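The values are calculated or read from the model by the stated rules, or taken from the named source; none is laboratory data. Only a predicted model underlies this, so the values are computations on that prediction, with no experimental measurement involved. Here the Cβ positions follow ideal geometry from the backbone for every residue, glycine too, while neighbour counts run over all protein chains shown. The accessibility values were calculated without ligands, DNA or RNA, using every heavy atom of the protein model including side chains. Shrake-Rupley method; radii C 1.70, N 1.55, O 1.52, S 1.80 Å.
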Amino acid sequence: MNTKRQYKTYTTEFRSEALALISEQGYTVQETASALGITTSLLYSWKQKADELAHSTVNSDERTELLSLRKEVKTLRMEK
């Protein structure tokens, strides 16, 4: 039997609040992950992405286009 693993998704609001616990309230990544029932690696991943967005010179429209183009390139490579 072939079953696909279903990954849990989190809202943007949940992610923002989790990161706020670290940056604004002074909780450690480990404490925050334990309290929210998520892994530390997931939290570190969200933190890294948030830091990249904060230091990025690309606006949201450009970012959306870039992600769309990357997805298209990936699809074309798989078709090839």
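Being outside any helix (DSSP H, G or I) and open to solvent by 100 Å² or more (accessible area, probe 1.4 Å): is that true of Lys8 here? In short, yes.
Scanning the stretch 55-80 for residues that are assigned to a helix (DSSP H, G or I) and either within 13 Å of Ser16 (Cα to Cα) or among the basic types (Lys, Arg) (or both) gives Arg63, Arg70, Lys71, Lys74, Arg77.
The number of residues in the stretch 15-33 being more than 21 Å from Leu67 (Cβ to Cβ) and either aliphatic (A, V, I, L, M) or open to solvent by less than 80 Å² (accessible area, probe 1.4 Å) (or both) comes to 9.
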